[in-house]
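Everything on this sheet refers to the single structure shown next.
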Amino acid sequence: MQTKLSSKFWAAMIIFGLMGQVAWVVENMYFNVFIYKMFNAEPADISAMVMASAVTAALTTIIMGAVSDKVGRRKAFMSVGYIIWGVSIISFAYIKSIMLTIVMDCVMTYFGSTANDAAYNAWLTDRGDSGNRGKIEGVNSMMPLVAILVVFGGFMSFDLNTHEAWTTIYYIIGIATTLIGIAGWFLIEEAPGLRKTEESLGDTLAYSFRPSVARQNRTLYVTLACFAVFNISIQIFMPYLIIYYEQTLGLDNYVLIFAPAILIAAAVTVFYGRLYDRAGFMKSIIPVCFILLAGYAILYFTRAQAAGQAFAGSLLMMIGYLAGMSVFGAMIRDNIPAGRAGQFQGVRIIGQVFVPGLIGPAIGAWILRDADVIVNGDGTESFLPDKGIWSAAAAVIIVLFVLLMLTKNSRKEISK
């Protein structure tokens, strides 16, 4: 039976989902640019920051997701978390070193993961069912690239070579995130059947990591393993994406190329999520692999200043990325045991962030270990990401395709 979703639900989902992703875009893509431009960061610095954030996100989500199940509440964690998350973003306006950026990134990630990765994602799971999961995930999964569009478009006139521009960006994003948290007190409605768990906090924390639970929910854990491989591919190139467009391809107007591709990809993803509702997981995820491979191939062969090629490759890459997030997200939520959504956000984040955040950037940094460098105006040097990140990302998607075929019989799909 399909749960009726109110306009209030959609409003809360969209503003919390979008603002959360805007904040994550600033962290996952713009912090890299920030330390690259302000402190002449090396690939190892960017990799270390992504890894530290991934570890923090995983530990936070495991603990706070279980805590939200224990108390039987999501609203307070979402609203208060977003308020403090916004304040922590503002603090970056006063940072003067790479090391402090990495430390504060972990602090910010704690509040962001509490509010978004743990509470918001558990809330989405609470409110949906197998009849509308694809529809919800179609909208939710387009948020990352809509957020990129908002951030790119909103800040395209800023000179990111100046500290003043970064100060303004951090204040705008931080204040907006805090205001969304305040609005949450009036918009968020708890799921009607949500109840606190009766187990101890220790048992609640450990539940999703028990071998017996993994055996009982084999489909979920097999899907999470494949999801981790999917995200490793994304994390090989994502930390370097803006730098690649701007510095390697020499596309000073990359926002004007990227923006139309984002809009088209976001629109496609809304409808693609419904394919999962109708056709199931395998018929939805296999096309994603081929779309991603096509996008990676075009970007691999894109020449400097070739805006048309960059647009085509980016469009396919983003459609594959968003559609994949939508399909995997729906499959995972469909197989989370009822009443335990918070506890399973930890294992979800391990597949989505922790493992990919350790392995993907490490592969990217290894690929770029001998990257070409450019001399900046002040005499310092900065590395240039090269096309090897696309071939490495493609190799991982081929591994994913093989895993999907090998685990096909281990995965029981929800009847559609």
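Applying the Karplus relation 6.51 cos²θ - 1.76 cosθ + 1.60 with θ = phi - 60° to the stretch 164-179 yields 3J(HN,Hα) values of 4, 5, 5, 4, 4, 4, 5, 5, 4, 5, x, 5, 4, 5, 5, 5 Hz, where x marks Gly and Pro. Working note: 222 nm ellipticity from helices only, DSSP H runs with n ≥ 4, each -39,500 (n - 2.57), summed and divided by the residues of the chain, gives -23500 deg cm²/dmol to the nearest 500. Pairs over the 24 Å Cα-Cα cut-off, from the set 8/75; 37/96; 70/135; 8/135; 37/387; 135/387: 70/135; 135/387. Normalised Debye scattering of the chain at q = 0.09, 0.12 Å⁻¹ gives log10 I(q)/I(0) of -0.51, -0.94, counting only Cα atoms as equal scatterers and leaving out solvent.
The string of couplings for the stretch 218-226 from the Karplus curve (6.51, -1.76, 1.60, θ = phi - 60°) is 4, 4, 4, 6, 5, 5, 4, 5, 5 Hz, one whole number per residue in order, with x for Gly and Pro. Size of the stretch 291-416 from its Cα atoms: along the principal axes, largest to smallest, the extents are 58, 29, 23 Å. Of the residues 340, 210, 133, the one with the fewest other Cβ atoms within 10 Å heads the list, and the complete ranking is 210, 340, 133. Select from 370, 105, 69 the residue whose mean-square fluctuation is largest in a Gaussian network model of the chain (Cα-Cα springs shorter than 10 Å). Its mean-square fluctuation being the largest, the pick is 370. Sorting 172, 374 by the number of Cβ atoms found within 10 Å of their own Cβ, with the fewest placed first, yields 374, 172. Using Cα atoms only, what is the angle between the long axis of helix 98-112 and the major principal axis of the chain, expressed in degrees (0 to 90) to the nearest 10? With both axes taken from Cα atoms, the answer is about 20 degrees. Counting neighbouring Cβ atoms within 10 Å and putting the fewest first, the residues 284, 97 line up as 97, 284.
Read-outs throughout are calculated quantities, based only on the coordinates presented, and are distinct from any laboratory measurement. Here the structure is a predicted model, which means the values were calculated and not measured. When we count neighbours, we look across all protein chains shown, and the Cβ atoms used for this are built from the backbone with ideal geometry, even at glycine.
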